[in-house]
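The values are calculated or read from the model by the stated rules, or taken from the named source; none is laboratory data. Computed from a predicted structure; not experimentally measured. With ideal geometry, Cβ positions are generated from the backbone for all residues, glycine too; neighbour counts draw on all protein chains shown. The accessibility values were calculated without ligands, DNA or RNA, using every heavy atom of the protein model including side chains. Shrake-Rupley method; radii C 1.70, N 1.55, O 1.52, S 1.80 Å.
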Amino acid sequence: MASTPRTPDQTVPRYGTFSEARRISTILRTEAVGGILLVCAALVAIVWANSPGADTYFALRDWEFGYEPWHLRLSLGAWAADGLLAIFFFLVGLELKREFVAGDLKHVRTAMLPIAAAVGGVLVPAGIYAAVVWSHPELRAGWAIPTATDIAFAVAVLAIIGSKLPAALRIFLLTLAVVDDLLAISIIAIFYTDSIAVLPLLLALLSIAVYGAIAQAFRRFFSTRPLAAWIVLLPIGVTAWAFMHASGIHATIAGVLLGFTIPVLHARRDEQRTAPGLAEGFEHRFRPISAGFAVPIFAFFAAGVSVGGWEGLRAAAANPVTFGIVAALVLGKPVGIVLTTWLVTKATRARLDPALRWIDIVGVGLLAGIGFTVSLLVAELSFAAGTPAHDTAKAAILAASVIAAALAAILLGVRNRQFGRVQRRDRVDADGDGVPDVYQGAPPQA
């Protein structure tokens, strides 16, 4: 039976090409593993920081090394936040460029809903936090803490409980998280830079330009010879990172900009490629390093908060920072995402994918309330180490992330079972041999 073709601007998000779907599936599986490692590292840090051996944890985190004249004498915790996390942000830059050049953000109308949802998921939580702590001026600097979504943690939850959920929901979450990362990066660059050293910044930008020019000119060479990228491009990237750090702008921004310079293959109609593009190759090589090492190590050093026993827990629970962060992440994220998405559907031709219901978008909003990696980073930038607000903010981030993850797991777990029943009902055995011949309700497989 012939079906009416659907124009790109009528349904959001779309299933996309099959190569895109395969790529997203691969990313989701990898991020799920990274999310589990992230949680384990954070749990080890929390237990160690509140054990009789807590002094050894803080001594390890605060141990400094590096070359002082280059502004690179940092503690292990700072090296993790400024250095290792740059690998994570390099992948963010790669993913952003891929989505804008060849992915679901290529067409504005197609990406309208997840982009709007991401913006709403930033503005509403920031507003809730600011409203809660407004009478405490010293706490207002943390307004951006609840604006970020931890994609690794969120996807780990989705992968565990969402095996039967439609691809459209996963694509919506991934696209929303990509835009969310872009907004978080912009916030860090604009609002958390106290002063800028012009000469190091210019040298950083020059190094990034050289890096991009070489990557563009010799893309085939680096694609076919992986070792060459480590020998040629890595030293230039490290140089750009060091100059960016010396400039006063958070050094992870260098990772994003370096990722933006990597060439991306445009989607082709026949989707037949003789070899993956350089961005795909770099993503394949660096994602295990990021998910399996860099982000868990950062979480290990960032999540270690001494709660001070029951007295400390009671004091933290009564702190406005705790109320602000928990309310913003658990309530503000889903409200901002759902409300903004609904307003856009009413004001434009954009529509949810037919496979989705509004309750699914609520589930995505709860998943987006898992603010971990970038939220912890913003907490580090918002409050000085050793201050009560610093440790309280981190504890609140962890608590809010656990609450949001639990609520999302309950809601999407129910939806997962419902989708499973629908999938079983839609199987059709045309020849009566007991083997499903047609699988309705899903995109065609050939």
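Karplus-based coupling profile of the stretch 297-305, in residue order and whole Hz: 5, 4, 4, 4, 7, 8, 8, x, 10, with θ = phi - 60° in 6.51 cos²θ - 1.76 cosθ + 1.60 and x standing for Gly or Pro. Within straight-line reach of LYS333, meaning a Cα separation under 23 Å, sit the following lysines at least 8 residues removed in sequence or on another chain: LYS346, LYS394.
Solvent-accessible surface (1.4 Å probe) assigned to GLU380 amounts to roughly 70 Å². In this structure, the amide hydrogen of LEU352, modeled 1.01 Å from its nitrogen in the peptide plane, lies closer than 5 angstrom to those of VAL12, counting only residues at least 5 positions away or on a different chain. Across the protein chains, with a 1.4 Å probe defining accessible surface, the residues LYS164, LYS97, LYS333 rank LYS164, LYS97, LYS333 from largest area downward. You can think of it this way: the chain between ARG140 and PHE100 has 11.1 nm of extra reach, that is 0.36 nm per residue less the Cα-Cα gap. These residues, ARG140, ARG314, go from largest to smallest accessible area, 1.4 Å probe, as ARG314, ARG140. Per-residue Karplus couplings for the stretch 60-66, computed as 6.51 cos²θ - 1.76 cosθ + 1.60 with θ equal to phi - 60°, are listed in order as 5, 4, 9, 5, 9, 7, x Hz, Gly and Pro entered as x.
The residues PHE293, PHE301, sorted by heavy-atom accessible surface at 1.4 Å with ligands and nucleic acids left out, run PHE293, PHE301 from largest to smallest. The string of couplings for the stretch 388-401 from the Karplus curve (6.51, -1.76, 1.60, θ = phi - 60°) is x, 5, 4, 6, 5, 4, 5, 4, 5, 4, 5, 5, 5, 5 Hz, one whole number per residue in order, with x for Gly and Pro. Judged by the mean number of other Cβ atoms found within 10 Å, the most tightly packed of the peptides 33-43, 246-256, 345-355, 77-87 leads the ranking 246-256, 77-87, 33-43, 345-355.
The lysines within cross-link reach of LYS97, meaning a Cα-to-Cα straight distance under 21 Å and a gap of 8 or more places when in the same chain, are LYS106.
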